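Trainee: Once you've had a glance at the structure underneath, I'll fire off some questions.
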Amino acid sequence: MKDIKKIILVLYILFSLQPVAFYSQLASSETEEALTMVYSKKIFPNIDFRDAVASIEIWTKTLMSEINPKFSFTNVFIEGIDRVDEQLINEDASFLILTAIEYLTNREKLKNMVPALLSSDDEGTIGIQYILIVHRNSKINSLRDLKNKTISFVDDYQNELPHLWVNVLLKSEGLPLADEFFKDIYIAQNANQALLRTFFGQIDVCVVPHKLLNTSFVLNPQLESALAIIKQSEPFIAGVFCANKNLSDGIIRDFIKSAKTAIKKDKGKQVALFFRTKEIHDFQSKYLDNMKNLIEQANSFNIKLID
């Protein structure tokens with residue numbers, strides 16, 4: 001009799017718990033939102049791609065999922081917007097992260113994508129300012145003085161944006177493009193390397209992001225007194241974070257809120273620092289004006305945008 005009572009008790013427990021377990025699974029499948037994040041590789045700064053992927057995984061599948069458990073993430077990496085099928089962009093992608101140049105020059109391909117977020121650098125500037133630096137003793141005071149000189153770019157965001165800015169500067173003053181104007185063009189691994197080579201006279205001029213310039217000055221105070229700025233760009237947006245307009249407004253709002261929360265956490269700050277980001281802001285079209293003007297000037301001078 002005792003054995004029968006035990007069996008009955010076990011059956012009662014199993015049947016009473018089964019609806020709860022089923023409801024839990026059903027609720028989870030209903031509330032979980034599977035998001036596909038598509039990243040253009042062109043948006044990454046000069047970092048190892050494997051490190052970038054690992055950081056993205058931490059950001060989405062660990063940090064963001066902890067903040068908002070209803071989201072699950074699949075991360076997809078592409079070579080560039082111009083190299084993928086429109087279906088991946090407009091149907092499969094929930095969110096798309098790409099360079100501002102890609103966004104502005106591929107609008108016809110981004111039919112379902114609307115810009116949602118932008119990032120700012122460590123100084124709070126929304127965008128990246130590039131600086132043209134020479135040694136104070138070089139007697140170089142203008143662009144024209146750089147004819148047949150050597151120039152170094154930092155390997156930054158595939159070098160597309162700073163190279164375009166320099167070419168527009170040159171053509172604006174009636175000078176040839178960089179490939180013809182300069183004796184040699186070098187790519188430095190980082191800003192500090194470019195600045196040191198300019199400091200020691202190995203390179204005549206270098207182009208570095210303003211934020212990285214300040215960092216190098218802190219590490220090497222003698223650089224600040226020895227080097228001079230001859231040109232400084234407007235702040236240019238490096239990347240645009242787009243949402244698929246087929247997503248509900250609620251999902252987009254929840255995701256943006258979660259992203260803003262994540263970047264304030266210690267782990268989020270570390271990941272953001274890795275990608276040279278301090279804050280993220282709601283998109284405003286005015287922040288793209290400088291980039292639009294740069295592209296318009298490039299087109300007016302028949303300057304080909306670097307692929």
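Trainee: What do you reckon, is ASN159 at pLDDT below 95, surrounded by fewer than 17 Cβ atoms within 10 Å (Cβ to Cβ), in the same structural domain as ALA228 (by TED's automatic domain parsing) and closer than 23 Å to GLN222 by Cα?
Mentor: Judged against the criteria, ASN159 is not a match.
Trainee: Consider the stretch 73-103. How many of its residues are surrounded by fewer than 21 Cβ atoms within 10 Å (Cβ to Cβ), of a type in the set (A, V, I, L, M) and more than 17 Å from the chain's Cα centre (by Cα)?
Mentor: Summing the residues that are surrounded by fewer than 21 Cβ atoms within 10 Å (Cβ to Cβ), of a type in the set (A, V, I, L, M) and more than 17 Å from the chain's Cα centre (by Cα) in the stretch 73-103 gives 2.
Trainee: Related question: For the stretch 104-118, which positions are buried (at least 23 other Cβ atoms within 10 Å of the Cβ) and under 14 Å from the mean Cα position of the chain (by Cα)?
Mentor: Those that are buried (at least 23 other Cβ atoms within 10 Å of the Cβ) and under 14 Å from the mean Cα position of the chain (by Cα): none in the stretch 104-118.
Trainee: Just to be sure before I move on: is LEU132 modelled with pLDDT of 95 or more and either crowded, with 22+ Cβ neighbours inside 10 Å or of a type in the set (Phe, Trp, Tyr) (or both) in the structure I sent?
Mentor: Against the criterion (modelled with pLDDT of 95 or more and either crowded, with 22+ Cβ neighbours inside 10 Å or of a type in the set (Phe, Trp, Tyr) (or both)), LEU132 qualifies.
Trainee: Further question on the same structure: Can you pull out the residues in the stretch 179-209 that are surrounded by 21 or more Cβ atoms within 10 Å (Cβ to Cβ) and assigned to a helix (DSSP H, G or I)?
Mentor: Listed by number, the residues that qualify are ALA191, ALA194, LEU195, THR198.
Trainee: Please verify whether the stretch 156-175 includes one or more residues that are in contact with a His (Cβ under 9 Å, 6 or more places away or on another chain) and of a type outside the set (S, T, N, Q).
Mentor: no
Trainee: What pairs can you find where one residue is in the stretch 210-225 and surrounded by 11 or more Cβ atoms within 10 Å (Cβ to Cβ), the other is of a type in the set (D, E, K, R) and part of a helix (DSSP H, G or I), and their Cβ atoms are less than 6 Å apart, with a gap of 6+ or different chains?
Mentor: Hits for this filter: PHE217/GLU224.
Trainee: Tell me the residue from ALA100, ALA93 that is among the aliphatic types (A, V, I, L, M), out of contact with any Pro (no Cβ under 6 Å at 6 or more places or on another chain) and under 21 Å from TYR287 (Cα atoms), please.
Mentor: ALA100
Trainee: Same structure again: Which pairs turn up if I take residues in the stretch 66-90 that are among the polar types (S, T, N, Q) and look for partners that are part of a strand (DSSP E or B) and loosely packed, with under 13 Cβ neighbours inside 10 Å with beta carbon separation below 8 Å, at least 6 apart in sequence or on another chain?
Mentor: As it stands, the answer is SER72/ALA34; THR74/ALA34, since those pairs meet every condition given.
Trainee: Run ARG50 past the list (1) surrounded by fewer than 10 Cβ atoms within 10 Å (Cβ to Cβ); (2) modelled with pLDDT under 85 and report the number of the one that doesn't hold.
Mentor: ARG50 satisfies all of (1) surrounded by fewer than 10 Cβ atoms within 10 Å (Cβ to Cβ); (2) modelled with pLDDT under 85 except (2).
Trainee: Quick one: in the stretch 235-274, of everything that is aromatic (Phe, Trp, Tyr) and more than 20 Å from PHE71 (Cβ to Cβ), which residue is modelled with the lowest pLDDT?
Mentor: Top of the filtered list is PHE274.
Trainee: Take the stretch 53-64 and flag every residue that is buried (at least 20 other Cβ atoms within 10 Å of the Cβ) and in contact with a strand residue (DSSP E or B) (Cβ under 7 Å, 6 or more places away or on another chain).
Mentor: Answer for the stretch 53-64, where residues must be buried (at least 20 other Cβ atoms within 10 Å of the Cβ) and in contact with a strand residue (DSSP E or B) (Cβ under 7 Å, 6 or more places away or on another chain): ILE56, THR60, MET64.
The values are calculated or read from the model by the stated rules, or taken from the named source; none is laboratory data. Remember, it's a predicted structure, so these values are computed and weren't measured experimentally. Note that each Cβ is placed from the backbone with ideal geometry, even for glycine, and that neighbours are counted across all protein chains shown.
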